[in-house]
């Protein structure tokens, strides 16, 4: 059974991925987070990636992380430069909400031989960026406009296109440190129209926002920035 099947099809839903940004968390912070969530059943794995990536030792970062956790380590790359050996899988992303060919296909062509060479399981993932109330790093770096949060039909059309193109996963993103998460109405309408699993990330910095994401239909949520600031955050939610 592939990791995709195990995590996203056969496994329980309403679970959490923790996003570790190598630019923002050092070894001490990673160890601190692992000590709190390694045995937490609600946390199903760790995503590793950055919109920018200033540090050059992401390979070492992944290796150390793999040595400390039994949970899956999945690459969440902002570019082909973040594809390294040792991860269990990679969210093979295409930024379908934008029209910049670099992030629709160019980066993927550069990534593909590396993914093949390293033997990493690719998970074809449609990445949809939504307006969050401020300009996020991913919006600036990719040079793309996010989908408006009040255009439900437009969001659903993009999600359906992703499913019809054969993507296996939808990632609805508000952006790191977003003021507002992806609106519940957007999540709900997309879930009513597609069959593939849905991940929601960005701006989920309170218990209420996480609950709303799940109640709206999210299969998984991603928590990153909030844990960097407050490592106890999820423990207070899940006990």
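The values are calculated or read from the model by the stated rules, or taken from the named source; none is laboratory data. Just so it is clear, the structure is predicted and the values come from calculations on it, not from any experiment. Backbone-built Cβ (ideal geometry, glycine too); neighbour counts: all protein chains shown.
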- Tally, over region 215-227, of residues that are assigned to a helix (DSSP H, G or I), in contact with a strand residue (DSSP E or B) (Cβ under 7 Å, 6 or more places away or on another chain) and surrounded by fewer than 20 Cβ atoms within 10 Å (Cβ to Cβ): 0
- Task: Select from region 203-214 the residues that are within 20 Å of residue 8 (Cβ to Cβ) and surrounded by fewer than 22 Cβ atoms within 10 Å (Cβ to Cβ) and list them in ascending order.
- Result: 214
- Candidates 36, 68, 24, filtered to the one that is modelled with pLDDT under 95, under 27 Å from residue 232 (Cβ atoms) and surrounded by fewer than 22 Cβ atoms within 10 Å (Cβ to Cβ): 24
- Go over the candidates 133, 119 one by one and state the one that is surrounded by fewer than 22 Cβ atoms within 10 Å (Cβ to Cβ) and at pLDDT below 95. 133
- For residues that are crowded, with 17+ Cβ neighbours inside 10 Å, in a helix (DSSP H, G or I) and touching a residue at least 40 places away in the same chain (Cβ under 8 Å), tally how many sit in region 159-202. 2
- Candidate set: region 39-65, residues that are over 22 Å from residue 199 (Cβ atoms) and out of contact with any helix residue (DSSP H, G or I) (no Cβ under 8 Å at 6 or more places or on another chain); chosen: the one surrounded by the most Cβ atoms within 10 Å (Cβ to Cβ): 63
- Item | Scope region 87-109; condition over 14 Å from residue 76 (Cβ atoms) and touching a residue at least 40 places away in the same chain (Cβ under 8 Å); matching residues | 96, 97, 98, 99, 100, 102
- Name the pairs: first residue in region 1-26 and closer than 17 Å to residue 38 by Cα, second residue at pLDDT 95 or above and assigned to a loop (DSSP other than H, G, I, E, B), Cβ to Cβ under 7 Å, at least 6 apart or on different chains? 7/72; 15/42; 16/42; 19/76; 19/224
